[in-house]
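Each remark here refers to the structure printed beneath this line.
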Amino acid sequence: MSAWLNPRRLRVQAIILICCLWGACTVDFSTAGLFDRAGNVKFQDFLQFYISARLVAHGRNNQLYDQQIASTELEHIVQQPTRVRLPTVYGPQVGLLFVPLERFSFLAAASIWVLISVLVFFVCVYWMWRLCPSLRQYPGLVAMSAVCFPPFFHFFLRGQISVLLLLCFTAAFLAFRSGNHWMAGAALGLLVIKPQFLVAIPLVLLLSGGWKTLAGLVISVGAQLGLTWTYFGTDVMHAYFATLWHMPRWIALAEPATAQAQMHSLRSFWLLLLPWSAAALVFYVCSSITVLLMAVASWRSRGNLALRFSTLIFAAVLINPHLFVYDLLVLAPAMLVHVDWALGHANHPASARVSVLLYLAFLLPLSGPLTVWTHLQLSVPVFVSMQALLWSILRSNAHSDTQELAR
């Protein structure tokens, strides 16, 4: 199959995918006003950020985590009763970030944010592409692949903030390349805006002895929380932490029954596959430990930085307890460096497998809706296989280096 994945065929497939995804988006969003053709609010997820920004701008910080207030504000924006529920679950600093946009109407503010996000996404892709020598001869194919990247499509439709996570990972990789482990940790610490992304990364750094990076991460998280606490006060922060703590009580009310089908981590994989929640939790913990140990061993190997950093990203994704398809946007740097490695190591025994797994990892997030009937999220086993393959490559390279030194 890897021989079939040549630039010409990939280019044709990218064009087809662009036409299908963005053609459907154009038709769906071609209606005038706030609602698309399916009757959904355009850029719907941006509602929670816009509402938080309005509350902060008008000095109503104490209402940030009042779900009744959020519902009232939402109905005021859409100008009609709605069953949509988007409770505020992000830190109050996120609402503060969007205050400059609250002066605009919701649709205008969401459009501005999406345009900024698209620009940031392509800047991150460009930065990573420049660091991939074997990919530099394919700028057009890389650009087309970025446009039809399924998480990018979903992130655009929902008006989400996943691009900020991508920016954190990209900045961390650039800092690692320059040898500045403190700054890399500081960049990773900014992921606290979606704290579920910090379940795996601190553990990998701790168990692998990445002390400088871990220290930078802890300082970054502490500084962000401290400054937010100082600005908003104790009551608001207590309300935020209470919202996170009691999330299981109300998350089912905010998310449709089919939400699990659009999640792509180990937790959602087992919840979809097994009808018993207790058994799913056990399998989630056991499989997460396996992925974590592979990431720790890879990070300890001191091998190829790009491959090692990719294992960190895959671990953050797989162990994430609540990850929607749009947050898979963070896989973009890993995919770029993997393709570059496969092109530059065409004679390596694992090169063909890397190419096939990357191809599947790119496309399979589109198959999420099928899990409503199949109960099998195909993307997750591919991500785990990719993690295992990277660990195997790094381990074999370390073994070869040891033998070379022994001679």
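The values are calculated or read from the model by the stated rules, or taken from the named source; none is laboratory data. Predicted model, so just to flag it, every value in this text is computed and none were measured. For neighbour counting, all protein chains shown are included, and Cβ atoms are generated from backbone atoms with ideal geometry for every residue, glycine included.
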* Structure fact -> By my count, helices (runs of 4 or more DSSP H) wholly in segment 296-407 with at least 2 residues that are in contact with a Lys or Arg (Cβ under 7 Å, 6 or more places away or on another chain) are 379-406
* Select, from Leu292, Leu312, Leu305, the only residue that is among the aliphatic types (A, V, I, L, M), within 20 Å of Ser355 (Cα to Cα) and under 18 Å from the mean Cα position of the chain (by Cα). => Leu312
* Asked: Hey, which of the helices (runs of 4 or more DSSP H) in segment 109-191, taking only ones fully inside, have at least 1 residues that are touching a Cys at 6+ places or on another chain (Cβ under 8 Å)?
  -> 150-158, 162-177, 181-189
* Since Ile15 meets every condition but one in (1) part of a helix (DSSP H, G or I); (2) β-branched (Val, Ile, Thr); (3) out of contact with any helix residue (DSSP H, G or I) (no Cβ under 8 Å at 6 or more places or on another chain), which condition does it not meet? -> (3)
* Given the conditions (1) in contact with a helix residue (DSSP H, G or I) (Cβ under 7 Å, 6 or more places away or on another chain); (2) among the β-branched types (Val, Ile, Thr); (3) surrounded by fewer than 16 Cβ atoms within 10 Å (Cβ to Cβ), which single one is not true for Val56? -> (3)
* Given the conditions (1) in contact (Cβ under 8 Å) with a residue 40 or more places away in the chain; (2) within 25 Å of Trp270 (Cα to Cα); (3) among the hydroxyl-bearing types (Ser, Thr, Tyr), which single one is not true for Ser367? -> (1)
* **His338 vs. criteria within 26 Å of Arg177 (Cα to Cα), at pLDDT below 95 and buried (at least 23 other Cβ atoms within 10 Å of the Cβ)** => yes
* In segment 212-238, how many are outside any helix (DSSP H, G or I) and either of a type in the set (A, V, I, L, M) or surrounded by 19 or more Cβ atoms within 10 Å (Cβ to Cβ) (or both)? -> 0
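Scan Val89, Val94 and give me the residue that is under 22 Å from Gly226 (Cα atoms), within 24 Å of the chain's Cα centre (by Cα) and not in a helix (DSSP H, G or I).
Numbers: Val94 fails: not in a helix (DSSP H, G or I).
The unique qualifying residue is Val89.
Condition check ((1) closer than 27 Å to Leu273 by Cβ; (2) under 22 Å from the mean Cα position of the chain (by Cα); (3) surrounded by fewer than 24 Cβ atoms within 10 Å (Cβ to Cβ)) across all residues:
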site: Leu318; (1), (2), (3): yes, yes, no
site: Asp327; (1), (2), (3): yes, yes, no
site: Ala334; (1), (2), (3): yes, yes, no
site: Ala342; (1), (2), (3): no, no, yes
site: His345; (1), (2), (3): no, no, yes
site: His348; (1), (2), (3): no, no, yes
site: Arg353; (1), (2), (3): yes, no, yes
site: Ser367; (1), (2), (3): yes, yes, yes
site: Leu370; (1), (2), (3): yes, yes, yes
* Which residue, of Ser367, Ser396, Ser355, Ser392, is in contact with a helix residue (DSSP H, G or I) (Cβ under 6 Å, 6 or more places away or on another chain) and modelled with pLDDT under 95? -> Ser355
* If you take the residues in segment 9-53 that are surrounded by fewer than 18 Cβ atoms within 10 Å (Cβ to Cβ) and among the charged types (D, E, K, R), which one is farthest from Ile193 (Cα to Cα)? -> Arg9
* Of the residues that sit in segment 81-110 and are polar (S, T, N, Q) and at pLDDT below 90, which one is nearest to His246 (Cα to Cα)? -> Thr88
